[in-house]
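Scroll down for the structure; my scribbles are underneath it.
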Amino acid sequence: MTTPVFESRMDQWTLGAPPPGYVLGHVRAVLADRVLDDALVAVRDGVVAAVEPHAPGVEADVDGQGLLCVPGLVDVHSDGLEKERLPRPGAELPMEFALLSFEGKLRAAAVTTAFHGAGFEQSHGRGLARTVERAHDVCHAVDERSASLVDHRILYRLDVRSPEGLQALQNRIAEAPDTGVAPLVSHEDHTPGQGQYADRSYYERYLMGARGLSAQEAADHVTNLISERDGRLGVREDAMAWLGEQARAGRIRLLGHDPASAQEIGELVERGGSVAEFPTTVEAARAARERGLPVVMGAPNVLRGGSHNGNASGRDLVALGLVTALASDYLPSGLLAAAFALADDGLVTLPEAIGLVTSGPAAVAGLADRGRLAPGQRADLALIAAGPKWPVVHTTLVSNA
């Protein structure tokens, strides 16, 4: 006899979205510690009610046909919207349209929660200039697109040597809509010679390729940039003090971007920081884990087998057990691909790999209601075909809870 939780709700299915309650059958459910073959997933009121073996005689609304069923992916650091807004030089698109267009790529990549980077700074490093005005454009577009097929959120990125960025972020945090969790804020300092560009030659080579500068022009530009930013150390001190005050009070969730040493991790912890984002060395990643901080690495780094800036390899850090989450950085489709590549190479199990793009980033963002295929969690689900080499997303279902 069928129990109420498994009652068919086929009459409520629409083309636009799944109903509040349904039964998904004959899937391979990827749980936190194992894969449950021929499983049944029951959803009630937009929340997972049960994940169990699919018993004979129990009908389902949808036959999963043996596909892998995973939680919807959570992306805590996405700069892909910048690229979507500027598909080619000089062809800038309206922000609202870019977000709608990018949403399709997120769903195709099984991403159901995305934190879009809003750069509170004044810089002209790559692609679109990162300005306070464009940061506000991102925030406004996300604020307005509440009823959508992806849970859009903001990762506030502060250049700690930007006085304009600091003032604008202070104002934004004071008036930002309540999303139920503390705003995610990443502090960064991309001054060449430290952090992400510890070896300034990597930034010089980038300028040569992106802007067509000669080797001497690139070297002169970097020298001038360092000198200019060295004049803003007072701004950096003010920014760090304010961030620490906000983090310790629980008003923001603070991420340290590109930490390079155990000393920097210690300073981040003292500041009230919660997460080490893209550590550039094994030393920094190990120190972060020893201090109980989650560690986020970029999926493209894992796919490529190393950092494009000569920094720590994500694959190596995963092999050492130092990574708790992957972020797309700029490539949503890279999340699942990186996770499956790690599992295929035996560096982690498949449940552990899926955890790096679901429960791991959910923990980074402080979102306890998603990221696991378990009763009580949001019914953000994806059906995946595994292989023969790369995973293929067949369906992405977003909770309407």
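The values are calculated or read from the model by the stated rules, or taken from the named source; none is laboratory data. Source: prediction; values computed, not measured. Using ideal geometry, Cβ is built from the backbone for each residue, glycine included, and neighbour counts are taken over all protein chains shown. Note: areas computed on protein heavy atoms with side chains; ligands, DNA, RNA excluded. Shrake-Rupley method; radii C 1.70, N 1.55, O 1.52, S 1.80 Å.
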Exercise for review: Measure of size requested: the Rg and Dmax of segment 74-121, with Cα atoms as the atom set and Å as the unit; please supply both.
Suggested key: 10.9, 31
Point to revise | Proximal charge balance of Val181 [Cβ under 15 Å; K/R count +1, D/E count -1] | key: +2
Check your understanding: Given the convex hull over the Cα atoms of segment 234-348, what projected area results after averaging over all orientations, in nm²?
Key -> 7.5
**Study point:** Label point distance in nm, Asp33-Leu149, each placed 7 Å from Cα along Cα→Cβ
**Key:** 3.6
Practice item. Among Gly234, Gly165, Gly376, determine the one that fluctuates most according to a GNM of the chain built with springs between C-alpha atoms less than 10 Å apart. Key: Gly234
Practice item. On a C-alpha basis, how far is the centre of segment 10-76 from the centre of segment 261-275 in Å? Whole number, if you could? Key: 40
Check your understanding: Regarding segment 31-112, what whole-number volume in Å³ per residue does the convex hull of its Cα atoms give?
Key -> 144
Check your understanding: Between Ala50 and Ala241, what FRET efficiency comes out of the Förster formula 1/(1 + (r/R0)^6) with R0 = 35 Å and r the beta carbon distance, rounded to 0.05?
Key -> 0.10
Exercise for review: Find how many whole Å separate the alpha carbon centroid of segment 134-181 from the alpha carbon centroid of segment 343-401.
Suggested key: 26
Exercise for review: With runs of 4+ DSSP H residues as the only contributors, calculate the mean residue ellipticity of the chain at 222 nm using -39,500 (n - 2.57) per run, divided by the residue total and rounded to the nearest 500.
Suggested key: -11000 deg cm²/dmol
Practice item. Please check which bits of segment 81-124 a label hung off Gln65 would reach, taking the label as a point 7 Å along Cα-to-C-beta and the cut-off as backbone N under 19 Å. Key: 108-110
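Would you work out the charge dipole size for the chain about its Cα centre, treating the Cβ of every Lys and Arg as +1 and the Cβ of every Asp and Glu as -1, and quote it to the nearest 20 debye?
Here the size comes out at about 300 debye.
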Exercise for review: Could you please put Arg248, Arg107, Arg28 in sequence from largest to smallest accessible area, using a 1.4 Å probe?
Suggested key: Arg248, Arg28, Arg107
Revision key, fill the gap. Of the convex hull drawn through the C-alpha atoms of segment 271-401, the volume per residue in Å³ is 122
Point to revise | Mean separation of Cα contacts under 8 Å (6+ apart) over length of the chain, as relative contact order % | key: 20
**Study point:** Potential extension, Glu164-Glu217 segment - 0.36 nm per residue separation minus Cα distance
**Key:** 16.3 nm
Practice item. Calculate the tail of P(r) for segment 124-187: the fraction of all Cα-Cα distances greater than 20 Å, expressed in %. Key: 28
Revision key, fill the gap. Expected vector for segment 319-324, Karplus 3J(HN,Hα) from phi with 6.51, -1.76, 1.60 and θ = phi - 60°, integer Hz, x for Gly and Pro, equals 4, 7, x, 9, 10, 10
Check your understanding: How much length is gained if the chain between Ala129 and Glu290 is pulled fully straight, taking 0.36 nm per residue apart and subtracting their Cα-Cα distance, in nm to one decimal?
Key -> 54.2 nm
Point to revise | Cα long-axis angle, helix 233-248 against the chain (0 to 90 degrees, to the nearest 10) | key: 30
Study note, to complete from the structure: Mean-square fluctuation maximum in Gaussian network of the chain, Cα pairs under 10 Å, restricted to Thr179, Thr281, Thr349, hits Thr179
Point to revise | Beta bridge orientation in the chain: antiparallel %, DSSP, nearest 5 | key: 40
Review point. Mind checking the log10 I(q)/I(0) for segment 324-399 at q = 0.13, 0.14 Å⁻¹? Debye, one equal scatterer per Cα, no solvent, two decimals.
Key: -0.38, -0.44
Check your understanding: Between Leu31, Leu233, Leu73, which gets the highest mean-square fluctuation from a Gaussian network model of the chain, Cα cutoff 10 Å?
Key -> Leu233
Check your understanding: To the nearest 10 square angstrom, how much accessible area does Lys83 have with a 1.4 angstrom probe?
Key -> 120
Point to revise | Relative contact order (%) - segment 333-372, alpha-carbon pairs under 8 angstrom, separation at least six | key: 31
Practice item. For the chain, give the percent of accessible area contributed by carbon and sulfur heavy atoms, probe 1.4 Å, rounded to a whole number. Key: 51
Check your understanding: Where does the Debye-calculated log10 I(q)/I(0) of the chain sit at q = 0.07, 0.12, 0.13, 0.14 Å⁻¹, using only Cα point scatterers of equal weight, no solvent?
Key -> -0.33, -0.95, -1.10, -1.25
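Calculate, for the chain, the solvent-accessible area per residue in square angstrom, rolling a 1.4 angstrom probe over the heavy atoms of the protein chains.
42
Quick check: residue separation of Thr349 and Ser101 times 0.36 nm, minus the Cα distance between them. What number comes out in nm?
Full-extension gain reported as 85.9 nm.
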